[in-house]
Every structure is written in C-alpha cells, then in structure tokens.
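The values are calculated or read from the model by the stated rules, or taken from the named source; none is laboratory data. Small disclaimer: the values here were computed from a predicted structure and weren't measured. Glycine also receives a Cβ, built like all others from the backbone with ideal geometry; neighbour counts cover every protein chain displayed. What goes into the accessible areas is simple: the full protein's heavy atoms, side chains included, and nothing from ligands, DNA or RNA. Shrake-Rupley method; radii C 1.70, N 1.55, O 1.52, S 1.80 Å.
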Amino acid sequence: MESIFDKLWRLGPAAFVLKAIITAIAANGFLLAFILLRRTYRKRYFAKRDARVYELRQRWEAIISGEIPYGTWRKKPFDRRIVETIALDAFEAAGSEESARLLKFLRTSGLIEKRIFEARQLKGWRRRRSLVALGRTRAPEGIPALAEGLRDRDLETRMAALRGLGRMASPQAAEEILAWLGEKGLTVPELPLQSALVQCCAEQPQSLLPYIQNAESRLREVLGRVLGEVATPSLGMDLLQFVGDDLDELRAAAARAMSQTQSGLAPEVLTELAADPVWFVRLRAIVSLGKLSDRHAIPTLLRGLTDSNRLVRLRAAEGLVGLNTEMVPIFEKVVATRDRYGLHAYLTALENAGMRAKLEVELRESKRAIEEVKSTLQNVLETGALPAEEPTTVPSLPSSALRLR
C-alpha cells in the first residue's frame, strides 16, 4: 500500500509548500497553546498573590511589631517578597516617625542585610533589582554596596546603583558618587547623574566645589548644572570665583547664591551678571536682585524689562512690583522705556501680585505728579498701550520719589 510520504513525493514542488503550511499551522498551534497556558498561569498567580496580600495586610501591624515571628514568613520566598514590597511602598508616603519604624522593621527582620548580600553577590537583573530595592530602604548601611555597584562593568547595573544612591538623598551617598566620578569620569548618561546628585547634594552643596575645580570639561558642565540647582546663600563668597567663569552653569549658580547673601558685593556682582550674554544667567541674576529688595537695583531691573527673553522680562517686572517703595515713580519709568513687551510684563506682574488696585489708588492720590502725567499713566494702566507721544514731552517725577519707605 502506498504511504502518504510517497504521495507527497509525487507532488514535486507542491510538497514543499504543503509541508511549509503544515509546519506553520503546527507552530501557530504551539504558540497559541503557550500563550493560553501562560495566561492561565499568570491569572492563577495574581489571584493567589492578591489573596495573600490581603491576608498579610490584615495582620500588618502584628508583622511590623514582631508579634508574628519573622520566621513564619521569611522562610517563604513568596511571602517574603510581598512583605518587602509592602514595606518599601509604605516608605514613599510615610512621615518621619513611620519611616523610622519601617526602617527598624527592615533591619530587625534581616531584609536589608539580605539585599546587601544580593547586591554584592548576584549578577545581571537580580543584582539590579537588589540595588534598586536597597536604595528604596534609604538605609545608610546600604551605601557601600551601592557604591560597589557603581563600579560594575555593565551600564544597566551602574544605572541601578546610581538610582539607588539618588534615593538615599544623603551627603554620604553624594560623597560616593563624587569619588566614583573622580576615579572613572563620566561613564553614565548625564540626566540620571544630575538628578541623583541634586537629591544627594541638597544638604551639603559645598561638597561639589573641589570636584568642579578639577573635573574635565563635560563632567564639569554637569556638576555646574547641579551646583546651580542646589546652591545656597551660604556659598555666596565661595561662588564669587565663578562669576567670570567660562561655564554658563557656574555663572548661573553664582547668581543664584547671591540672592540672600549678606555680602555688600552682591548688588554689584548681580548687576554685572544681569548683562550676561546667556539668558538663564541673566534670569538668575534678575531673580536674585528682586529678592534683595534694594532700590539700587531699580535701574538694572528696568533694563531687564527690555530683555529679549520673555522670562527675564517677567522676573524683572516681578522684582519691580515686589519693591517696598512708591509704585507711581516706578510705573512712570516703565512707561518711559517705550517697550511694549516690558510694559505688558509689568502689568502682568501687577495682576499676578494683586497690586493693580494699589497702583490705581496711588495714582489718584499722588501729589508729586502733575495732572497731565497722572492722566497719561492712568490711560496706559487702563488700556495697556503706550502713549502716542514720547515720554520726554511729559514732565517726570522727581527721582527722590524712588526712596524706600
């Protein structure tokens, strides 16, 4: 009797097509069976996990307090992962007291030590998972293990360690990151590094200074941006060395740090930085001048109203509105700039600060301005448009009206 294979052989080239169709049907069948099996397994797994999470949640306080012995769930990987996940998620919204209680629980139960061991001994995605989890605990004893992860040859592992140290948000973590940068240079993407350093250097921004001075150009630029974010008034005198630096970010950091410094050089330095060719340096300088509330800053703020950058104009206007001085003389000088964009920025700042009504009252009650000047200024305030005539034809208010109250 002739077999099926003999019949296929006589088909010639059509046999290969038929075999391909049969093979494709079989492969699709196996793939569909695998997908269905996987979905069934995951459905059962998540149902089991959901039920177990509910049970553990009902006894959470007893678990945290140790009333339920740790050994009842630590020996079960399934339960241990659930308990650790619940504790780490609770960290995100916990206050200081609750965070301390959770950290004590993680230490007493040995979960932190387990993660430290895994972060040092495991490889690949398991090590990366342990590094991220260790960072979420915010436990200082995990910093050395995270620092070792920074020196791993795999980029993803280094990134996981960097994210973990960023979660620590402590000066000790910043020291480890900066020491690693001093050894290896810039071996990770800039934005994650910048984010981690901003979180870790917020308490002690002065730790950045020695590394900025010795870093290479690209790394120095990253550290300069970080310093610009975390700079505080306490760094005012230390940042004077960066006022004339070639790096834009360092000049911006110096401008930001001058905002509340007690140094008498601050207005002069900020006036110089307000004329910087880079817009965000000018922006930082204008913002700092506004915070100083010094009448000597009025000419610089008025020049800021005519800046080419919209944000600089708006911040200059906010600085002028925030000055503790008579508003009518300031408003007259704003109109005298003959810059409609600057005028719009000033009127916007007035509206945002709720000071428009105050300016209207001062205009009506002003005894320094003649009626023609008051009428012109009131018209500008109402219409938001500059007068048709040049302001030089209108008598000005005396400069003594700009004195602070």
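In the calculated pair-distance distribution of the stretch 50-105, the portion above 19 angstrom amounts to 23 percent of the Cα-Cα pairs.
The C-alpha atoms of the chain define a longest principal axis, and helix 111-121 lies at about 80 degrees to it. Which angle from 0 to 90°, rounded to the nearest 10, does the C-alpha axis of helix 279-292 make with the longest principal axis of the chain? Roughly 60 degrees, rounded to the nearest 10.
Comparing E382, E176, E268 in a Gaussian network model of the chain where C-alpha atoms under 10 Å apart are linked, the largest mean-square fluctuation is found at E382. Be a star and scan the stretch 101-137 for residues whose amide nitrogen sits under 11 Å from the point 7 Å along the Cα-to-Cβ vector of A90. Hits in the stretch 101-137 for A90 at 11 Å: 101-106. Between 0 and 90 degrees, rounded to the nearest ten: what's the tilt of helix 171-184 against the longest Cα principal axis of the chain? Its long axis makes an angle of about 80 degrees. The relative contact order of the chain, computed from alpha carbon pairs under 8 Å that lie at least 6 residues apart in sequence, is 7 percent. Taking P233, P69, P205 as the candidate residues, the one with maximal mean-square fluctuation in a Gaussian network model of the chain, Cα springs under 10 Å, is P69.
By a 1.4 Å probe calculation restricted to protein chains, T300 has an accessible surface near 10 Å², given to the nearest 10.
Projecting the Cα atoms of V361, A139, L181 onto the dipole axis of the chain, where Lys and Arg carry +1 and Asp and Glu carry -1 at the beta carbon, places A139 farthest toward the positive end. Averaging 1/r across all pairs of distinct Cα atoms in the chain and inverting the result yields a Kirkwood radius of 27.2 Å. Using the Stokes-Einstein relation with a Kirkwood hydrodynamic radius computed over Cα pairs, the translational diffusion coefficient of the stretch 288-360 at 20 °C and a viscosity of 1.002 mPa s comes to 182 µm²/s. Taking the solvent-accessible surface of protein heavy atoms with a 1.4 Å probe, what is the per residue accessible area of the stretch 156-274 in Å²? Result: 43 Å² of accessible area for each residue.
With each label modelled as a point 7 angstrom along the Cα→C-beta vector, the T187-R80 pair spans 3.1 nm. Calculated [222 nm] ellipticity per residue, helices only, for the chain: -22000 deg cm²/dmol; basis is -39500 (n - 2.57) per DSSP H run with n ≥ 4, divided by all residues, nearest 500. Taking a quarter of the surface of the Cα convex hull of the stretch 1-160 gives a mean projected area of 16.4 nm².
Once the Cα-Cα distance is subtracted from the 0.36 nm per residue extended length, the S65 to R356 segment shows a gain of 98.9 nm.
Here K19 is the anchor, and the lysines within straight C-alpha reach of less than 30 Å, apart from those fewer than 8 places off in the same chain, are K7.
Overall, the ratio between the Cα radius of gyration of the stretch 99-167 and 2.2 N^0.38 Å, rounded to two decimals, is 1.01.
When the pairs K43/K114; K333/K358; K75/K114; K48/K114; K48/K76 are compared against a 21 Å limit on Cα-Cα distance, K43/K114; K48/K114 fall above it. Just checking the listed ones, L381, L305, L181: in the Gaussian network model of the chain with Cα springs under 10 Å, the one fluctuating most is L381. Within the accessible area of the chain, the carbon and sulfur atoms contribute 54%, probe 1.4 Å, all protein chains present.
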